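To start, the structure itself, in structure tokens.
The values are calculated or read from the model by the stated rules, or taken from the named source; none is laboratory data. This is a predicted model, so every value here is computed, not measured. No Cβ is skipped: glycine too gets one built from the backbone with ideal geometry, and neighbour counts run over all protein chains shown. Calculation scope for accessible area: heavy atoms of the full protein, side chains included, ligands and nucleic acids excluded. Shrake-Rupley method; radii C 1.70, N 1.55, O 1.52, S 1.80 Å.
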Amino acid sequence: MSDSENILMAAGLDKSYGNGPARVHVLRGLDLAVRRGEFLAVMGPSGCGKTTLLHVLGLLTSRDAGTLMLEGRPAPSDAAGRDRLRRRSIGMVFQRFNLISVLNAADNVVISLRVRGLAGQDGRRVESLFEEMGVAHVRKRKPAAMSIGEQQRVAVVRALAHRPALLLADEPTGNLDSDNAQRLLDVFRALNRDEGQTIVMITHSAEAAACADRIVRMKDGQLA
Amino acid sequence: MAYLPLANILHYKLRSALSAFGIGIGICMLVTLSGLSRGTLGEIADRWEAVDADLIVFPRGWGENASDKSGSALPDRWADKIRSAHGDIVERITPIFTWQIRLGGQDQLAVGVDSDQWQHLTGGRQLREGRLFDPDKHFAQWIRTRLLTASPDSDANEVAEGLSQQDLSDPQHAGLELVIDSRLAAAGHYTLGQTVTTANHEWKIVGIVPAGAMARVFMPRQTAQYLFGNGDITKSTLMFVKLRGGADVGPAARDIGKTTGQDVVPLGRYRGMLMEKFGIMFVYVDAVNVIALVIAFLFIMITLYTMVLQRTREIAILKSAGASNFFLLRQVLAESLLLTGAGTAAGAAMSVGAAWLIQTLRPLLTVTLTPRMLVTAVVVAAAGAIVAALYPAWRAVRVDIAEALTLE
């Protein structure tokens with residue numbers, strides 16, 4: 001596989017938390033490559049470092065060592081550069097949805113676009129995403145007035161509104177019932193198949209992972 | 001409402017309202033106390049500036065205290081001396097005798113003035129009701145005859161003791177008559193013809209002049225001189241000088257000052273003298289205002305800080321989408337400015353209400369709300385909002401995304 005086919009390449013990723021005896025080594029020289037248009041599932045037991053891996057890949061936290069390439073370029077080491085790359089290329093979906101409670105569904109998407117300097121652009125795409133995700137009817141509702149499935153699908157709309165090159169999903173079905181989980185996975189599958197959306201999904205669920213093109217397993221901070 | 005700061009404010013209605021109210025109180029205090037202190041003094045200065053004169057002559061040495069001095073000070077003969085020495089530039093001299101008497105529940109500056117000079121002193125104001133005291137100067141002539149010519153060898157005090165309430169208020173010369181202004185009449189519920197007791201004498205209100213005249217209480221000059229000047233009816237407190245057209249105020253003041261050996265200042269300087277004399281009051285008022293505003297903005301800071309602490313996850317969500325530090329700072333700042341803006345608007349409205357209330361309860365006080373004060377309040381509020389937002393904004397910028405998103 002050539003480098004140009006990889007949207008994401010990580011080599012020798014190291015990450016630890018804490019100092020001294022309390023130091024926890026979470027990622028230990030992890031290597032990972034994700035092809036453009038690939039749907040990758042990362043599985044592993046609790047505490048193996050899946051979420052930390054996602055945070056490092058999503059530039060939410062810095063790595064202690066190792067190299068990280070995104071879209072063929074080294075991930076910036078400065079905060080402003082990481083912010084820029086997150087704004088442009090990465091969309092994230094979280095287990096807890098993380099919608100802003102004081103804003104309605106539509107405004108949660110708009111604020112995300114505003115952060116990215118895209119407010120007012122691509123309104124048609126946002127509308128169609130709401131339709132595709134089956135949440136057009138909750139556009140004016142605040143999160144508290146939505147079901148958990150609706151919240152998660154709105155979170156997906158928000159993550160995709162700016163056409164990110166890479167969608168990172170952290171246990172996206174973890175808080176959903178089986179129907180909603182299946183519906184979300186269908187959405188991911190369709191996005192990947194129809195639009196070539198690259199997706200890296202952290203999951204505990206073998207069923208969820210089965211939707212992916214490829215499954216990797218983590219153990220003790222490394223790919224098993 | 002994709003505008004997050006406004007959405008937050010509207011979502012946390014009670015907290016936002018309380019924060020804005022806290023700012024509103026600070027702004028209301030700033031505007032109202034400034035308006036009251038400066039307005040009351042300004043209203044006095046306005047009334048003095050209504051006098052149809054160009055210069056004030058007062059005893060040398062009074063300096064900036066001249067604005068609140070009263071009693072016997074200048075021999076009336078200085079008026080003749082000024083006239084004779086500067087007749088070419090002096091059109092008119094109006095000596096007055098001032099004293100504080102209690103009317104309408106508070107001390108009032110009472111001005112003794114000759115009836116034929118009253119029009120000049122009040123800037124040509126017509127009486128709204130009644131008549132002027134001593135219109136034919138019978139009283140003036142009577143008392144001068146009685147005191148200055150009855151016993152040339154005796155000392156003035158000795159003669160003065162001979163005049164009683166009955167002598168002064170005798171209908172033949174009616175020396176105990178007052179003209180008051182309409183604000184005092186309204187505040188004290190005084191009516192034309194009413195007898196009032198003050199300064200140990202009974203006075204009859206014979207006229208009411210529209211507010212804006214130099215003082216709120218006027219009386220015959222000789223009455224004031226006699227009662228409040230130890231019986232000496234040959235001295236006044238100060239003199240207003242009206243110059244002839246074309247005469248320069250500055251040189252005229254210097255020339256008359258040389259002639260009389262007294263201080264001569266342009267009438268326009270009175271306002272400055274008044275403000276300098278009572279300027280310390282502004283220091284107190286401004287100190288209270290600063291304390292009130294600091295408390296109000298600490299309130300805003302605590303509100304914003306609490307908001308940042310409560311919403312670390314939402315801040316982390318924005319950061320996970322790539323929000324820059326500037327974007328976050330702008331959100332916190334905008335929320336601070338919105339709260340402060342609402343508080344300032346509320347404070348301005350409260351100020352209008354407070355001004356109305358003060359002037360209703362104490363009609364003789366003046367609260368002047370000027371656009372300049374409101375602009376000052378807005379500027380102070382905006383500056384305070386920015387300062388109050390800085391620390392919470394810094395905390396927002398420092399939120400650790402991964403930690404905030406991981407915490408349950």
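Among the residues of segment B:363-408, those that are within 14 Å of chain A (Cβ to nearest Cβ) and outside any helix (DSSP H, G or I) comprise B:Arg398, B:Val399, B:Asp400, B:Leu407, B:Glu408. Residue selection: B:Arg330 satisfies the criterion of being open to solvent by 20 Å² or more (accessible area, probe 1.4 Å), within 14 Å of another protein chain (Cβ to nearest Cβ), under 16 Å from B:Trp394 (Cβ atoms) and out of contact with any Lys or Arg (no Cβ under 7 Å at 6 or more places or on another chain). Scanning segment A:107-117 for residues that are out of contact with any Gly (no Cβ under 8 Å at 6 or more places or on another chain), at the interface with chain B (Cβ under 8 Å from one of its Cβ atoms) and surrounded by 21 or more Cβ atoms within 10 Å (Cβ to Cβ) returns A:Asp107, A:Val110, A:Ile111, A:Ser112.
A quick yes/no check of all residues on (1) over 28 Å from B:Val290 (Cβ atoms); (2) outside any helix (DSSP H, G or I); (3) in contact with a Phe, Trp or Tyr (Cβ under 8 Å, 6 or more places away or on another chain); (4) more than 14 Å from chain A (Cβ to nearest Cβ):
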site: B:Ala17; (1), (2), (3), (4): no, no, no, yes
site: B:Leu30; (1), (2), (3), (4): no, no, no, yes
site: B:Leu33; (1), (2), (3), (4): no, no, no, yes
site: B:Leu36; (1), (2), (3), (4): no, no, no, yes
site: B:Gly42; (1), (2), (3), (4): no, no, no, yes
site: B:Ile56; (1), (2), (3), (4): yes, yes, yes, yes
site: B:Ala66; (1), (2), (3), (4): yes, no, yes, yes
site: B:Gly71; (1), (2), (3), (4): yes, yes, yes, yes
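Out of A:Val109, A:Val187, A:Val156, A:Val102, which single residue is in a loop (DSSP other than H, G, I, E, B), out of contact with any Ser or Thr (no Cβ under 9 Å at 6 or more places or on another chain) and in contact (Cβ under 8 Å) with a residue 40 or more places away in the chain?
Every option except A:Val102 fails the conditions.
Counting residues in segment B:164-180 that are without any contact (Cβ under 8 Å) to a residue 12 or more places away in the chain and small (Gly, Ala, Ser) gives one or more.
The one condition from (1) part of a helix (DSSP H, G or I); (2) open to solvent by 80 Å² or more (accessible area, probe 1.4 Å); (3) touching a residue at least 12 places away in the same chain (Cβ under 8 Å) that A:Arg193 does not meet is (3).
The strands (runs of 3 or more DSSP E) falling completely within segment B:208-309 that include 3 or more residues that are surrounded by fewer than 24 Cβ atoms within 10 Å (Cβ to Cβ) and either at negative phi or of a type outside the set (D, E, K, R) (or both) map to B:238-243, B:263-266.
When you check A:Phe130 against the structure, is it open to solvent by less than 10 Å² (accessible area, probe 1.4 Å), out of contact with any His (no Cβ under 8 Å at 6 or more places or on another chain) and of a type outside the set (Ser, Thr, Tyr), yes or no? In short, yes. Taken as a whole, the structure places A:Val138 among residues that are more than 14 Å from the chain's Cα centre (by Cα), modelled with pLDDT of 95 or more and open to solvent by less than 20 Å² (accessible area, probe 1.4 Å). Of the residues making up segment A:34-54, those that are in contact (Cβ under 8 Å) with a residue 12 or more places away in the chain and either within 14 Å of another protein chain (Cβ to nearest Cβ) or assigned to a helix (DSSP H, G or I) (or both) are A:Ser46, A:Gly49, A:Lys50, A:Thr51, A:Thr52, A:Leu53, A:Leu54. Pairs meeting the criteria (first residue in segment B:186-200 and closer than 15 Å to B:Thr223 by Cβ, second residue assigned to a loop (DSSP other than H, G, I, E, B), beta carbons under 8 Å, at least 6 apart or on different chains) are B:Val196/B:Tyr190. Return yes when A:Gln121 is over 17 Å from the mean Cα position of the chain (by Cα) and assigned to a loop (DSSP other than H, G, I, E, B) and no when it is not. In short, yes. Among all residues of segment B:339-362, there is none that is within 14 Å of chain A (Cβ to nearest Cβ) and either over 17 Å from A:Ser101 (Cβ atoms) or in contact with a helix residue (DSSP H, G or I) (Cβ under 7 Å, 6 or more places away or on another chain) (or both). All conditions in (1) open to solvent by less than 10 Å² (accessible area, probe 1.4 Å); (2) part of a helix (DSSP H, G or I); (3) at the interface with chain B (Cβ under 10 Å from one of its Cβ atoms) hold for A:Leu85, with the sole exception of (1).
For segment B:60-101, a residue qualifies if it is touching a strand residue (DSSP E or B) at 6+ places or on another chain (Cβ under 8 Å), buried (at least 17 other Cβ atoms within 10 Å of the Cβ), under 20 Å from B:Gly268 (Cα atoms) and modelled with pLDDT under 90, and the qualifying residues are B:Trp62, B:Ala66, B:Ser70. Count of segment A:55-67 residues, restricted to those that are within 14 Å of chain B (Cβ to nearest Cβ) and either at positive phi or part of a strand (DSSP E or B) (or both), is 1.
The residues listed here are A:Arg163, A:Arg217; of these, the one that is open to solvent by 20 Å² or more (accessible area, probe 1.4 Å) and farther than 27 Å from A:Val26 by Cβ is A:Arg163. Annotation note: of A:Ala75, A:Ala33, the sole residue that is at negative phi and open to solvent by 20 Å² or more (accessible area, probe 1.4 Å) is A:Ala33.
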